[in-house]
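The values are calculated or read from the model by the stated rules, or taken from the named source; none is laboratory data. Nothing here was measured: the structure is a model prediction, and the numbers come from that model. Positions of Cβ are generated from backbone atoms using ideal geometry, with glycine treated the same way; all protein chains shown enter the neighbour counts. Ligands, DNA and RNA are stripped out before the accessible areas are found, and what is left, the full protein with its side chains, is counted by its heavy atoms. Shrake-Rupley method; radii C 1.70, N 1.55, O 1.52, S 1.80 Å.
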Amino acid sequence: MLGTRAFSAGMLAATPNRLAVRSRPCLRLAGLTSLPIHRRSAAGCRWQARRLQGGLVLRVQATAAPTREQETATTQAWERSLPLGPGSVAMQVSVTGDEQTVTVSTNLPGPLILHWGVEGGRKYKGGWRLPGDSCQPEGTVNYKNRALQTPLHPVDGNGKQAVTIRLAGDEASDFLNFVIKNPETNTWYDLEGTNFQIALRSPPVEAAPVPTSSPVGGAGQGEKGELPPLLPLDKIPQLPQELAGIWAYIKWEVAGCPNRSKEEADREYQAGISELTMLLRRGRPLDEVWQVARGEMKYADYIARFSYLLAPAEQQQGKTNGAVAAPPEPVRRQQKEQKQEQRVDVPEELVGIQAYLLWEQEGKPDGADFSEKARKLLEGRLRDGTSVADLEKQLKGPSPPKQKQAAPPQERKQEQHREERREEKQQERKPEKAATTVGKSMGQRQRNPLDFIKRSDGSSNAVMQAKPKYRRTPLTPLVEAAQADKGLHWYRLFGMGKEREMLVTVRPDDLTNPDSAVTVTLTTTLANSVLHWGVKQPGRGSDWIRPADNLLPPGSNLDQDAIAADTPFQTCNEGDCKVDWSSLDYEPSDFDGASDPLLRVSMRLPADHKLTALTFVVRSQDGDSWWRDNGSNFSVPLPGSKQQKEKKDRAQSFDDELSRVIVDCEVNTGAWTLMHRFNRATDLLNDVMGGRFSKEQSIEDSLARIYVWLRYSAIRQLTWQRNYNTQPRILGSAQERLTHSIADVYSRTSGEAQEWARVMLTTVGRGGNAQAVRDEILNIMHRNKISEKKGTWMEEWHQKLHNNTTPDDVPICEAYLAFLRANGDEGAYWSVLKEAGLTREMLASYDRPVKTDPFFYADKKDALIGEFENYLKILKSVHSGADLQASASAASGHVPGAAKGYLGYVLANSNGHEILPLIEAAVEARAELQPVLRNSRDVLYLDLALENVVRAAAERGVGSAGPRTAALVAPLLQNLALSLGDNEEVCYCLKAWQDLPEKARSGQVTGKDDALRAMAVIERVRRALAEVSDGVSQTVGPVSQQFGQAFGCESWAVTLFPEEVVRGGPAFAVSLALTAVEAHFRSVAEMGAWQVISPAACWGKLEVVPDLHDIQEKVYDEPTVLLVKHVSGEEEVPVGVVGVLSGETCDVLAHLAVRSRNMGVLFATCYEAAELKELQALTGKMVACETTPGGVIKWREADAEEVASHAAAASDTASKRAPIKVKIPKWCGKWVVGMDGFKDEVVGAKSKNLAGLRGKLPDSIALPSSITIPFSSFEQVLKLKENKALAGELSKAVKEVVAGEGSSKQLQRCRELVMQVPVPSQLQEELKERMTEAGINVPQGEQWDDAMHALKSVWASKYNDRAFLSCRKVGINFDDVRMAVLCQRIVPAQYAFVIHTTNPTNGDEGEIYVELVKGLGEAIVSGTVPGAALTFTARKDDMSNPTVLLYPSKGEGMFVPESLIFRSDSNGEDLQGYAGAGLYDSVTTATTERCKVDYSSDPLLTDPAFRQRIMTDICAAGLAIEQALGSAQDVEGVIDADGKVTVVQTRPQM
């Protein structure tokens, strides 16, 4: 037997005095009269002692205890006294032969109970044994069959209390284990967290030599190695958290993957850590243990080989070693005294932490002070050699997983009882749950986030596998005809098994007359079949009605008393039944050799038939086989006016066949259950993947529709049981079939289709062995002698389970467990049911109702809790597919080794209070599972379960974490990336976040620059989340609305459906985290809540609109302030709008921003959702908005009179403004001019300004080679004879534009006509000549055609919507615009910039304002690329110190290969008082592509010196251009790969 005991510093004090009743050497313990050491020839024994945490550990290894026959009648006696709380406890042992007498006494005050048990004795099987009644002192009670509790009684007048226990004969034992409890104060007294233990047969025995190591091969199965010394904790390698998780997972796998509670999983996880720690402390190398974790050595073999290191007492039995003498008493005493005299200083901070931990361990007792105990414990550890740094690391280090010191065997035996006492303390004291904290990172593997990218276009690693072609059957042509036939009232294709089908069509003679005659046609490929049918009438429910004789088709049989007719299917000889085998994927041999395999039954229903449906089944002619519609009767709805009044056939309101089939099943089927729904869903999934619905919608849309349907079922908006009982076995089979089909769809798809397949699994339980649901509830009742008595709760639930188990049974079981644990409190029962959405009415509505309340069996409480905890696992394994424990168990055979460590940690800590390591572990486990997701349905379920763990942890901890929530952003983004089908932008966001400085990632940012970088990433992430949310809403929103109304779902469920899908997904957790940290980053970045793009004051009526683009043509009759959800920057400000406020950012130099400033319209972005919400509350009311000098928008409610007053003043100002006039230039007589010909009324300001810059700029600033097609060239082309007809058509179209006030369709027609105009050959030749003169390479072949197309596209942009609206607003005739076209070679650009040499946000002429992006400048000015550019300013008198205002947050850039660009250079772009810039297009000859950009790795962010130089050079160029041209300029330019600045255009700043 091996005992490991921990004693206080004075407990193991050696003394020269010896007392032995028999002649044996003894170890003298303080307060112990004698501790004899047995000598036996057959027993090898050894001991080892060292100081640990302020005490001494005595490790004893001995052989089995001597039998009673080996003992003599000589009496042995010893006693022991130990400190115990404020008092002490004394133990006296007397052994005579086979009789053992133990007296435990103490001077503690108050009533006391001895909580005790023994080890050894008759039929001992381990753990605590409870002696029989004859050995139990008076007053002893049995505590839960786990321990005995005996009161102590006063024994003298000095306050001493004692109890004596006598064990004799078969009850004689090896050890007595106990603790003492004061029941009044609920105080437990133990030995520093463990039990007191008294040796009853013999004390520890002699020491033996100890080897220092044992090689792997040195001790095999059944071959015990020598027990190595126990290394101190600070001398072994640090235990990697991943290894601990893998070890726990392997142990769980070896145990058979049992279902465990979270508490059980945590205990097993800690046991794994203890096992690993003991192996390391016994000298096993860390690399060797890793070999086991990696699967290079089998765990079972390894543990069998080295189990003696973990349980040496059992493994060392019978092994004899040479004995050596113990160290001399004086030497040991001197060593002890020297240690005691050593002075150690413990930092007070560490004392406080240790005291807190002790307080937690003791159940957080009120008023308790553990500081002195903590100090002594830490002093002892320091004396043992542990450094202060190591102590600090252990106390402050990462908690999960807590690496407990491995418990020796004796302590492991006592763990059950310590747990029992902890449980009792928790129940009695009800300590508060540990507060949720972020915790310390466990560390994530270094991965490139871009490796996670999956795309819908099939270009990722997750390429869609080739879909099997939808096999065309003999009925396929008829189905296609039915799909196109608008004269049908209803049709449906039914599968009849083994590739046989049946098509049913319902055709009224007159679709407009519901009471007209009807033809019902049933066509099938099922040979030798008979239609067994009846009809239904209004008000008769699902009852079959005998059909009238006049309805019977030829050959029918209807017995006199029958309600159903039998009509054989006959060979169809009609024209549509002729089979063209060449167009099909089958041969006649597949249909029993029949060249015409189609059979048909047709029946004619007369006008005013007054029937609601045809109902039927199909049988074989011999009656041996029957076919039903997934277990129910087939039902065919019939038209009729009465039916329309009572219930319109909602299925027919859908345009697509898939939706019609789904809705028809739900609303037109009499018998319908989860089983029917799941089977139908499986069939439809097969049809989708086969291409049946591909002509009507994409596979993504089809899967989304099935998901919406199944989710409505999962949230109980669809019936789970109607007119049919489903045995659990059959339901489980349907679930299993469906879930495997979903997994198959997942394995064969990619992108969004795969994403919909994945989330579809969340709506269905795993299924499988559902029969256990039915059987086990009865077994529980029988085992616990609970009668099947009608009218009792358990019997009612049993009947429901027996006939129709549903997902509701999971919360019902959870509620009953809560009821048991609360000692029969019905409030606990109903609380759980309410949280699950179950009411008393719902329970009573089941086909087998549960009407009564549960009965509390007090005597069976503990047994029933255990029974129903296990039963809950069975229910979850069937109904809760994404349950973590069930999923991990089911998927264990497919889990990669690299995932096991993370998964082991998650299983043990899924409810842990430190959320960061939990989220990291779950996400890393998901990452490791990705390669095998296509291989197994169960791995998919495990992936979903891990996603749920992440979401729950985030929701649990984000709210209270504050800025430290930033540490969660990276794993939450990775979690989102792993879930999305098209995740490219999220992966770039993840990379951008990971590339932030460490302090920013952890939420400890203190510098403004780091905060600005973080805010740029946050904005990009926000947009990515919006795309995810909008994508989900746009896909499922309309479908859920249509299905919800057709199904008759509750209005709240329909309204909230898209939102709940988003909130239940991984994007919501990221949003929560960003919300928690954004305010902090914004504050440090000194950004404020508002970004004012166009400062102004405005008064008007507040109106909320979703998208500015959708209403830019609208004319508001009164001053209006728009609160807009989405702006891009390319829109026009609608007439009558005086202010635009939005939650989305926009480039300050985008077209919308420039026009807003030019028009004096307020334009600002608000980043505070709460403030936007407050503002939105004023929708429909008058508001006043002003811009403060600090760049904040102040708003308030205004009255109508105030608004009218300001409107009148604005109108008066506008009336005094000089009208804007456009001078129409004449054609100069040349088709193309070079830079020498860039003159007034020949070319526009862009061309003229470039010419004006020649020779005026430093050599460091380049100008591109340029030529221009002059003003009115296009109008001159139209005058050519060959273009007369086109010119007439265009003139007519322009008049229609004016008459129609510029509808988009009319303007589009104008653009189409322009693109039909041929470019004259003379113009083309001149263009080539001028290009050659200017040094521009002339395109050849198709590239020249592309150039001509680009030229005409610029001409056509005169007629774009935005230009028309802008011209109309200021009174310009849009047709007076004349377009010059500037042609340039595209400069290969690394970056592009836009400069305003006067700061447009505040009008400061002494400050330059710049926006810079990767790629083309169109990403800034067009407004088509959302997000911020790198934005900075510089004082003109301090150009070398630019200031960054915003870091880039754009997710995309615009790129084009080296080619030509044709730029608009019209006479309407730079008019005084009118900002026409950007209204017209610039077009490249090569295709411009939008590509993802990664600013986080760009030198602009990674190299501050590079960034400083680039910003300084750009600002210097802007100032030089302003000085050259004499006015503030709006400049566009690029920087090439060598850092060279090239100005591509400039115009006066408006």
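Tabulated values for the structure
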read-out	value
Protein accessible area in segment 849-893, 1.4 Å probe - carbon and sulfur %	51 percent
Probe 1.4 Å, protein heavy atoms only - accessible area per residue of segment 1481-1550 in square angstrom	37 Å²
Highest-first arrangement of 1263-1275, 1531-1543, 558-570, where packing means the average Cβ count within 10 Å	1263-1275, 1531-1543, 558-570
Segment 1069-1221, accessible surface, carbon-and-sulfur percent (1.4 angstrom probe)	53 percent
Residues with amide H under 5 Å from that of Gln100, placed H, sequence gap 5 or more	Leu167, Ala168
Positive minus negative residues near Gln291 (Lys, Arg vs Asp, Glu; Cβ under 15 Å)	0
5 angstrom amide H check on Thr749, placed H, neighbours 5+ away	Gln465
Accessible surface, per residue, of segment 679-767 when the full set of protein chains is kept, probe 1.4 Å, Å²	30 Å²
5 angstrom amide H check on Leu1460, placed H, neighbours 5+ away	Ile1386, Thr1485, Ala1486
Order by protection proxy (mean Cβ within 10 Å, highest first), peptides 1373-1380, 987-994	987-994, 1373-1380
Equivalent-ellipsoid semi-axes of segment 265-309, from the Cα gyration tensor, Å, largest first	16, 13, 11
Carbon + sulfur, % of accessible area of segment 223-309 - ligands and nucleic acids excluded, 1.4 Å	49 percent
Part-to-part distance (alpha-carbon centres) for segment 588-625 and segment 1356-1393, which is given in Å	67 Å
Karplus-derived HN-Hα couplings along segment 493-504 (A = 6.51, B = -1.76, C = 1.60, θ = phi - 60°), whole Hz, x at Gly and Pro	9, 10, x, 10, x, 6, 6, 9, 9, 9, 10, 10
Values of log10 I(q)/I(0), in the order q = 0.15, 0.17, 0.19 Å⁻¹, for segment 101-154 under a Debye, Cα-only, solvent-free model	-0.46, -0.58, -0.71
Whole-angstrom gap from segment 808-833 to segment 1089-1117, using each part's C-alpha centre	54 Å
Hits among aspartates and glutamates - C-alpha to C-alpha of Lys1239 under 18 Å, sequence gap 8 or more where chains match	Asp1465, Glu1469, Asp1470
Net charge, Tyr707 excluded, C-beta distance under 11 Å - Lys, Arg +1, Asp, Glu -1	0
Ordering of 1098-1111, 1118-1131 by packing [mean C-beta count within 10 Å, highest first]	1118-1131, 1098-1111
Net charge of Cβ neighbours under 14 Å - reference Glu696; Lys, Arg +1; Asp, Glu -1	-3
Set Lys1305/Lys1352; Lys486/Lys578; Lys1125/Lys1181; Lys999/Lys1125; Lys1008/Lys1492 screened for pairs whose C-alpha atoms are more than 24 Å apart	Lys999/Lys1125; Lys1008/Lys1492
Per residue accessible area in Å² of segment 1080-1194, where ligands, DNA and RNA are left out and the probe is 1.4 Å	37 Å²
Inter-part distance where segment 841-901 and segment 667-713 are each reduced to a Cα centre, Å	28 Å
